[in-house]
Amino acid sequence: MKRIYSNLWWGVFAIGVAFTAGAILRAQTIEPTPSNQVFTTSHQSFGEAVRHFFGIRTEPVQPIAYQHKPHIEKAKLQCDFCHVGVSKGPVASIPGVKDCMVCHQAIATDKPEIMKVAAYEMRGEEIPWQRVYGWTDEAHVRFNHAPHIRAEVQCSTCHGDIPQMTVARRVVDHTMGFCVSCHQERKVSNDCVTCHY
């Protein structure tokens, strides 16, 4: 009889956990709102902690449907034309609205997305791009683009075929295994402090 009650208790507990996990997963599309109550030093809520732990990421919604394809095929621009920091340091950088308007004061000014860019400039605002790639703070990864560019790692290795995407999406899962296997193939350091410092 004791065993039946024990199994029943564990069954109810498992259903509760499953219900809670389901609610958290359903809420994954809702961005966490900052609160005054801090769950831990690195998470603002229990839901955020669970999403980070299981690698659940929301699909970023960009303010402008920027397309790489025409910039690469028609204008013949290379990645580092706009992402100027990529060969110089850790951050690839995203061009500011003024950089975009250098060309778009005269090019495709009648297109709705370019009109949005022009409106940001007129208001004196930067385009609020949403991050597509990146690690959570608790991963303690300090990725540096520059040595990867010097080693001739193609942008598509880590970012997918961006030129063919309508809007940049996360198509490569940057797990530790992904990075370690690439380092092993290229016979470069896999020491922990190479990426975690």
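Cβ-Cβ below 8 Å, separation at least six or inter-chain, first residue in the stretch 115-132 and under 10 Å from Val97 (Cα atoms), second of a type in the set (Asp, Glu): which pairs?
From the stretch 115-132, the pairs are Tyr120/Glu126.
Conditions first: (1) in contact (Cβ under 8 Å) with a residue 12 or more places away in the chain; (2) over 18 Å from the mean Cα position of the chain (by Cα). His183 passes all but one, so which condition is the exception?
Tallying (1) in contact (Cβ under 8 Å) with a residue 12 or more places away in the chain; (2) over 18 Å from the mean Cα position of the chain (by Cα), His183 fails exactly one: (1).
Contact list please: Cβ distance under 6 Å, first residue in the stretch 90-110 and of a type in the set (Ser, Thr, Tyr), second residue surrounded by 13 or more Cβ atoms within 10 Å (Cβ to Cβ), pairs at least six apart or on different chains.
Close Cβ pairs satisfying both conditions: Ser93/His83; Ser93/Val84; Ser93/Gly85.
Scan the stretch 177-194 residue by residue and report those that are assigned to a helix (DSSP H, G or I) and either β-branched (Val, Ile, Thr) or modelled with pLDDT under 90 (or both).
Across the stretch 177-194, the qualifying residues are Val180, Val193, Thr194.
So which helices (runs of 4 or more DSSP H) are wholly in the stretch 1-95 and hold at least 1 residues that are modelled with pLDDT under 75 and in contact with a helix residue (DSSP H, G or I) (Cβ under 9 Å, 6 or more places away or on another chain)?
Those helices (runs of 4 or more DSSP H) span 2-26.
Scan the stretch 158-168 for residues that are modelled with pLDDT of 90 or more and in a loop (DSSP other than H, G, I, E, B) and jot them down.
Listed by number, the residues that qualify are Gly160, Asp161.
The values are calculated or read from the model by the stated rules, or taken from the named source; none is laboratory data. Worth saying up front: this structure is predicted, and the values here are computed from it rather than measured. Cβ atoms come from the backbone with ideal geometry, glycine included; neighbour counts cover every protein chain shown.
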